[in-house]
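Visitor: Right, I'll just put the structure down here and ask away after.
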Amino acid sequence: MCFTVEEELKGWYKRSGIPHYDCDKVYQSITLRLHDSVPQHVIEQWKDELYFEKLSSKDSKAYRDLQRKIFTYEDNGYGECYLKIPAIKKIVEDAFKYFDKVKYDLIEYVIMPNHVHVLILPYQGQSLPAIIHSWKSFTAKKANKILNRTGKFWMEDYYDRYIRDVNHFDKVVKYIRNNGKEKGR
């Protein structure tokens, strides 16, 4: 297992003002949310409450508190919850599996009614944003066709976190495996 991340390695970039690490051979935990799972005005309100503009890194207390609020909110199943429709759930599951052993190792995933959690190990030369874009683009088109609708399917942004060590890896695997069970899914 590869958990070593060094500051001098390429791969650090900022998205939405938050540092991210995109480097192959580093495990990545990813959460994708449906466009209506956590309304943007709710997130903005929480950012104001947490003085989020002072955020400097993903390791800050404000960032962790915001993520905790978002995870709790989304687990309550707000929004249209399109992912509980079996045909749409299968589209998402198949998209995750399609490039398994080609662009990444698919370690674990769970598909909740309004969001997904995925743990992957990207292969050499595979960009995390490109992988996520391919999932979101393909699944959005297929799902919107089934739903006979147009417009946003996924929330524009996503949550990603590189896995720091074996303990972190084990916690993420356990979280993903238990996420659906805790909600009776």
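The values are calculated or read from the model by the stated rules, or taken from the named source; none is laboratory data. What you see is a predicted model; the values in this text were computed from it and never measured. Using ideal geometry, Cβ is built from the backbone for each residue, glycine included, and neighbour counts are taken over all protein chains shown.
Visitor: Kindly indicate whether any position in the stretch 137-147 is more than 18 Å from LEU32 (Cβ to Cβ) and out of contact with any Ser or Thr (no Cβ under 9 Å at 6 or more places or on another chain).
Guide: yes
Visitor: Okay, moving on. Here is a check on your reading of the model: is PRO129 within 24 Å of GLN67 (Cβ to Cβ), touching a helix residue (DSSP H, G or I) at 6+ places or on another chain (Cβ under 6 Å) and not small (Gly, Ala, Ser)?
Guide: For PRO129, the condition - within 24 Å of GLN67 (Cβ to Cβ), touching a helix residue (DSSP H, G or I) at 6+ places or on another chain (Cβ under 6 Å) and not small (Gly, Ala, Ser) - is not met.
Visitor: Ok, one more. Considering only residues that are closer than 14 Å to THR31 by Cβ and at pLDDT 95 or above, which ones fall in the stretch 138-171?
Guide: Residue satisfying the conditions is TRP154 alone.
Visitor: Same structure, new question: Answer with yes or no whether ILE120 is more than 16 Å from VAL26 (Cβ to Cβ), in contact with a helix residue (DSSP H, G or I) (Cβ under 9 Å, 6 or more places away or on another chain) and of a type in the set (A, V, I, L, M, F, W, C).
Guide: Here the answer is no, as ILE120 does not meet what is asked.
Visitor: Determine the pairs where a residue that is touching a residue at least 40 places away in the same chain (Cβ under 8 Å), located within the stretch 113-139, has a partner that is small (Gly, Ala, Ser) and crowded, with 21+ Cβ neighbours inside 10 Å with Cβ atoms under 7 Å apart, the partner being 6 or more residues away or on another chain.
Guide: Correct list of pairs: ASN114/SER37; HIS115/SER37; LEU119/SER29.
Visitor: Just wondering, is there one or more residues in the stretch 40-58 that are at pLDDT below 80, within 17 Å of the chain's Cα centre (by Cα), of a type in the set (D, E, K, R) and part of a loop (DSSP other than H, G, I, E, B)?
Guide: Within the stretch 40-58, one or more residues are at pLDDT below 80, within 17 Å of the chain's Cα centre (by Cα), of a type in the set (D, E, K, R) and part of a loop (DSSP other than H, G, I, E, B).
Visitor: Could you go through the stretch 100-108 and let me know if any residue there is touching a Gly at 6+ places or on another chain (Cβ under 6 Å), in contact (Cβ under 8 Å) with a residue 60 or more places away in the chain and over 30 Å from ASP48 (Cβ atoms).
Guide: Checked the stretch 100-108: no residue is touching a Gly at 6+ places or on another chain (Cβ under 6 Å), in contact (Cβ under 8 Å) with a residue 60 or more places away in the chain and over 30 Å from ASP48 (Cβ atoms).
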